[in-house]
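The values are calculated or read from the model by the stated rules, or taken from the named source; none is laboratory data. These numbers come from a predicted model, not from an experiment. Cβ coordinates were reconstructed from backbone atoms using ideal geometry, including for glycine residues, and neighbour counts include every protein chain displayed. All accessible areas refer to the heavy atoms of the entire protein, side chains included, with ligands and DNA or RNA removed. Shrake-Rupley method; radii C 1.70, N 1.55, O 1.52, S 1.80 Å.
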Amino acid sequence: MASSLALTACGGADVEAASSGDVAVAEQSLDAQGAVADRRIIVYLTPSQQLYGVKDGKSTLIAERASAPSVSPDGSQVVFAKLPSSWNVGQPVKSAELHLYKASNGKTERLTTGHDDQSPSWTPDGKSILFQSKQRSGLASFWRVKPNGKSLTQVTNLRTTLATDPAYVPTPVSNTPVQWGPNQRRIIVYLSPQTTTTTEVRVMKLDAADEVASAYSLGQGTSPAWTEDGNVRFQRVVNGQLVDVEVSVQ
């Protein structure tokens, strides 16, 4: 799902103004053990950035001034970015914190504070949350944190100080999500800016400890998506024609 709160494509200091459109975020049909069940857990954002959860057909307000909610793999928790209380719809956003909502008790806990933490995404095993921040290191990068708010760690660009460094791993283009590989593979695919008018398809592989094993570009492209076979399919302009490209990223 597209995040309604994201850093600018060029890694600017400010976070873009949140979207005013409806965003249906996540729907899962799971029981407490992660097995398929009849009941559904649904969260969604309203145009005024209110985050609601739906349970047993009833909507409950989770948070005001929320953005980019992500449901945990077992369907029991929702992580989201929360905007400052002084923020109003249409204003630029300079800071955001990650919060965690637990469906079991209806309580919300703050995971991070004091920076521009945004676009959270659960790892496939549900043990960590990947997110993006620029203020923490001065360079737009991926970070991760445990659902209890501990083990905050920078994932990309640890020894990089400039976006022009060949080792720099860019974050996604504004308002585009990361897509985790199928079957709990720790591989994410996303779009990053290539020039001011084009994008490239990026691949980042994480090991069992959620450290970066490799990060690279598949070249210019748009609309990346995982196939049933676990390959990545995207589109690219070749000789003036829009063609489909499919790549194995095992």
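General observations
- Within region 124-135, the set of residues being more than 10 Å from the chain's Cα centre (by Cα) and more than 11 Å from P147 (Cα to Cα) comprises P124, D125, S133, K134, Q135.
- Region 182-191 - residue that is free of Cβ contacts under 8 Å to residues at least 60 places away in the same chain and assigned to a loop (DSSP other than H, G, I, E, B) and, of those, nearest to F234 (Cα to Cα): P182
- The strands (runs of 3 or more DSSP E) falling completely within region 62-172 that include 3 or more residues that are open to solvent by 70 Å² or more (accessible area, probe 1.4 Å) and not hydrophobic (A, V, I, L, M, F, W, C) map to 107-110.
- If you check V243, V237 for being open to solvent by 70 Å² or more (accessible area, probe 1.4 Å), over 17 Å from Q179 (Cβ atoms) and either of a type in the set (V, I, T) or touching a helix residue (DSSP H, G or I) at 6+ places or on another chain (Cβ under 8 Å) (or both), only one passes: V237.
- Of the residues screened, V203 is one that is open to solvent by less than 40 Å² (accessible area, probe 1.4 Å), within 17 Å of V249 (Cα to Cα) and at pLDDT 95 or above.
- If you go through region 42-61 and pick out every residue that is assigned to a loop (DSSP other than H, G, I, E, B) and either under 17 Å from D117 (Cα atoms) or aromatic (F, W, Y) (or both), you end up with 1.
- Checking R185 against (1) crowded, with 17+ Cβ neighbours inside 10 Å; (2) under 26 Å from S128 (Cβ atoms); (3) not acidic (D, E), the condition it does not meet: (1)
- Residue within region 192-200 that is of a type outside the set (F, W, Y), part of a strand (DSSP E or B), closer than 21 Å to A68 by Cα and touching a Ser or Thr at 6+ places or on another chain (Cβ under 8 Å) present: yes
- Condition check for T195: surrounded by fewer than 16 Cβ atoms within 10 Å (Cβ to Cβ), more than 15 Å from N231 (Cα to Cα) and among the polar types (S, T, N, Q): yes
- Looking only at residues of region 136-148 that are closer than 26 Å to A103 by Cβ and free of Cβ contacts under 8 Å to residues at least 40 places away in the same chain, we find that the one that is farthest from the chain's Cα centre (by Cα) is N148.
- Qualifying residue in region 220-228 (condition: farther than 23 Å from W122 by Cα, in contact with a Phe, Trp or Tyr (Cβ under 8 Å, 6 or more places away or on another chain) and either hydrophobic (A, V, I, L, M, F, W, C) or surrounded by fewer than 19 Cβ atoms within 10 Å (Cβ to Cβ) (or both)): yes
- Every condition in (1) in contact with a Leu (Cβ under 7 Å, 6 or more places away or on another chain); (2) charged (D, E, K, R); (3) at pLDDT 95 or above is met by R65 except one, and the failing one is (3).
- Out of V169, V249, V201, V243, one residue alone is among the aliphatic types (A, V, I, L, M) and either at positive phi or in contact (Cβ under 8 Å) with a residue 60 or more places away in the chain (or both). It is V249.
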